[in-house]
Amino acid sequence: MNHFEIRDGVMHAEGVSLEAIAAEIGTPAYVYSAATLRRHARVLREALDGHAETTDALIAFAVKANSNLSVLKVLAGEGLGADTVSEGEIRRALAAGIAPEKIVFSGVGKTDTELAFAIRTGVLEINVESAAELDRLIAVAAGLGARPDIVFRVNPRVGSGAHAKITTGAPADKFGAPVEEVMALYARAAASNHVRPVGLACHIGSQITELSPLKAAFAVLRRMTLDLRAQGFEVHRLDFGGGLGVPYFDRPGEADPVDYAAVAAEAARGLDVQLAFEPGRMIAANAGVLLTRVIHVNERPDGMRFLVLDSAMNDLMRPALYDAFHDIRPVRPREGAAGPYDVVGPVCETGDTFAKDRVLPPLEAGDLAAFMTAGAYGATMANEYNSRPLVPEVLVDGDRWAVVRARPSYDEMLAREAVAGWLIP
Ligand SMILES: *Cc1c(COP(=O)(O)O)cnc(C)c1O
């Protein structure tokens, strides 16, 4: 699957054995495949190139899915821009060589400082989500004597996503403004000398595996475009967001990019608008694995069998946060029958459970295993809970590999903190 294959009995990332990586830098560690990142970027680009409406569309990679500088650099090399939700992400995109004109600034709660930074940077557009934000943005832009392009994020009342916590387009979600409100805000923005409303955006959720909700959301933007134009406003950009799902286990044919491009093109037909897309997961998820080692297998007298790994919820949070499924595969598969395990990490939380009653091939203490489809919302959500050093990241590119974020030493971890002066005798 996607450049992570068993070769000579051992799982490789492209041309590099995962055993070799583990031997050199230890586990847990994220391992990314540059070839897979490039392939996903190209698959989407080629699908969009299939229609006149989508040919010149901006593909702005959602940086929150995987913000490693080397990953962003690979994607920048494919011509991708960046969808960002904080000043930190804008800075990462710039550091990776992504031009400001390809950076979209999204998010529910951008601070004045962040808005000012985005304006000074000259990002392509600021996606405004509410009346309160519009007012603050106008004030910030006035202070800078600027007039940034803005796009309104609409909540089209079409929620979708694999889990309630990754649905963003339902009426009660905090994201975007309702249709009627956007119509009013558009007029207010057009009357200001300090912002230039240029279009509309939506992003209805994540891990969407059927196209009908996206189609419905795009249709809302289409209708609003026509309505706004009828009122004399200029609308020349539509940002269709991200959200396309990926197979987390072997189930082919979900949300095909070619069909997705066709749906987008149809929604934009005859409108003569610039389009933008903000894919995160579909680009990065299958381009990464979390490499881990079995600490031991705990077989209890009551028959329960726990596979205790050296990775935990702090390294890969999705199962604890969203009940997400990640396929788990041995790096060097052994002979023998598969059997059920509860797969857990060492963190002191019951939530630190990756899978219950998962039927897996035989695994023993010391074996390496890989969490598949871990390249998106993996490392970016990692933390140091239980004082576990932040999980490192590795990029593989053909036969080459490099540590692209090192595991901090314990000294480095402690050096980030200080003991308050009055506590030192
Ligand atoms: C998270 C996010 C995305 C990317 O979502 P995916 O499901 O990873 O494609 C795109 N746009 C916005 C505004 C987001 O918040």
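The values are calculated or read from the model by the stated rules, or taken from the named source; none is laboratory data. Since this is a predicted model, take the numbers as computed values, not measurements. In this analysis, Cβ positions are derived from the backbone assuming ideal geometry, glycine residues included, and neighbour counts consider all displayed protein chains. Ligands, DNA and RNA are excluded from the accessible area calculation, which covers all protein heavy atoms including side chains. Shrake-Rupley method; radii C 1.70, N 1.55, O 1.52, S 1.80 Å.
Per residue, how large is the accessible surface of the chain? Use a 1.4 angstrom probe and give square angstrom. List each step's numbers first, then the result.
Details: 17640 Å² over 425 residues.
Normalised by residue count, the accessible surface of the chain is 42 Å².
Just need the Rg to Rh number for the chain, please, alpha carbons only, Kirkwood Rh. Please report the intermediate quantities before stating the final value.
Details: Rg = 23.0 Å, Rh = 22.8 Å.
Ratio value, two decimals: 1.01.
Once you put a point 7 Å from the Cα of Ala52 and another 7 Å from the Cα of Leu414, both along the Cβ direction, what distance in nm separates them?
Roughly 6.8 nm, to one decimal.
Determine the calculated [θ] at 222 nm for the chain from helices alone, applying -39500 (n - 2.57) to every DSSP H run no shorter than 4 residues and normalising by the residue count; nearest 500 deg cm²/dmol. Spell out each step's value before the answer.
On the way: 12 runs with 123 residues, N = 425.
Helix-only estimate at 222 nm: -8500 deg cm²/dmol.
Just to compare against my own numbers: the Cα pair-distance distribution for the range 34-282, 5 Å bins, whole % per bin, please.
Reading the bins upward from 0: 1, 7, 15, 19, 21, 18, 12, 5, 2, 0, 0.
Residue by residue through the range 379-395, what is 3J(HN,Hα) from phi via Karplus (6.51 cos²θ - 1.76 cosθ + 1.60, θ = phi - 60°)? Round to whole Hz and write x for glycine and proline.
Per residue, the Karplus-derived 3J(HN,Hα) values read 4, 5, 9, 5, 8, 10, 3, 6, 6, 9, x, 4, 4, x, 10, 10, 10 Hz.
Taking the Cα centre as origin and putting +1 on Lys and Arg beta-carbons and -1 on Asp and Glu beta-carbons, what dipole magnitude results for the range 179-297, to the nearest 20 debye? Could the numbers behind the result be given before it?
Values: 11 positive and 13 negative charges, 47 e Å.
For this selection, approximately 220 debye.
Answer rounded, prolate or oblate for the range 84-200, using the Cα gyration tensor with square roots of eigenvalues a ≥ b ≥ c: rounded when a/c is under 1.5, else prolate when a/b is larger than b/c, else oblate.
Working: a/c = 2.11, a/b = 1.20, b/c = 1.77.
Cα axes put the range 84-200 in the oblate bin.
How about the range 227-278: which chymotrypsin sites (Phe, Trp or Tyr not before Pro) there are in a DSSP loop, with at most 11 other Cβ atoms within 10 Å of their Cβ?
Numbers: sites: Phe233, Phe240, Tyr248, Phe249, Tyr260, Phe277; in loops: Phe233, Phe240, Tyr248, Phe249.
The qualifying sites are Phe249.
Specify the inter-centroid distance of the range 55-123 and the range 219-237, based on alpha-carbon positions, in whole Å.
Here the two parts' Cα centres lie 26 Å apart.
What distance in nm separates the simple spin-label points at Ala23 and Phe249, each placed 7 Å from Cα in the Cβ direction?
3.3 nm
Run the quick spin-label model on Leu144 and Glu364: label points 7 Å from Cα toward the beta carbon, then report their separation in nm to one decimal.
About 6.1 nm separates the two model spin labels.
What lysines does Lys102 reach when the alpha-carbon gap must be under 29 Å and sequence neighbours fewer than 8 apart in one chain are set aside?
Correct list for Lys102: Lys64, Lys73, Lys110, Lys165, Lys174, Lys215.
Under 5 Å between amide H atoms, partner at least 5 residues away or on a different chain: which partners does Arg196 have, H built in plane at 1.01 Å?
Residues meeting the criterion, in which the H sits 1.01 Å from N, are Asp149, Ile150.
From the phi angles alone, apply the Karplus equation (6.51, -1.76, 1.60; θ = phi - 60°) to the range 255-271 and give each ³J(HN,Hα) in whole Hz, x where the residue is Gly or Pro.
Here the 3J(HN,Hα) series is 6, 6, x, 5, 5, 4, 4, 5, 5, 5, 5, 5, 5, 9, 4, x, 7 Hz.
Once neighbouring chains are kept in place and the probe is 1.4 Å, which whole percent of the accessible area of the chain is contributed by carbon and sulfur? Each step should come with its number before you reach the end.
On the way: 9280 of 17640 Å².
It is 53 percent, rounded to a whole number.
Sequence-distant or interchain residues sharing an amide H contact under 5 Å with Asp83, placed H: which?
Amide H neighbours of Asp83: Phe61, Ala62, Val63, Val104.
Name the long-range amide H neighbours of Ala276: under 5 Å, sequence gap of 5 or more, or other chain; modelled H, no Pro or chain starts.
Amide H to amide H, under 5 Å and 5 or more residues apart or across chains, Ala276 pairs with Leu58, Leu238, Asp239, Phe240.
Once phi is turned into θ = phi - 60°, what whole-Hz ³J(HN,Hα) does the Karplus curve with 6.51, -1.76 and 1.60 give for every residue of the range 38-45, x standing for Gly and Pro?
Karplus values, whole Hz, x for Gly and Pro: 5, 4, 5, 4, 6, 4, 5, 4.
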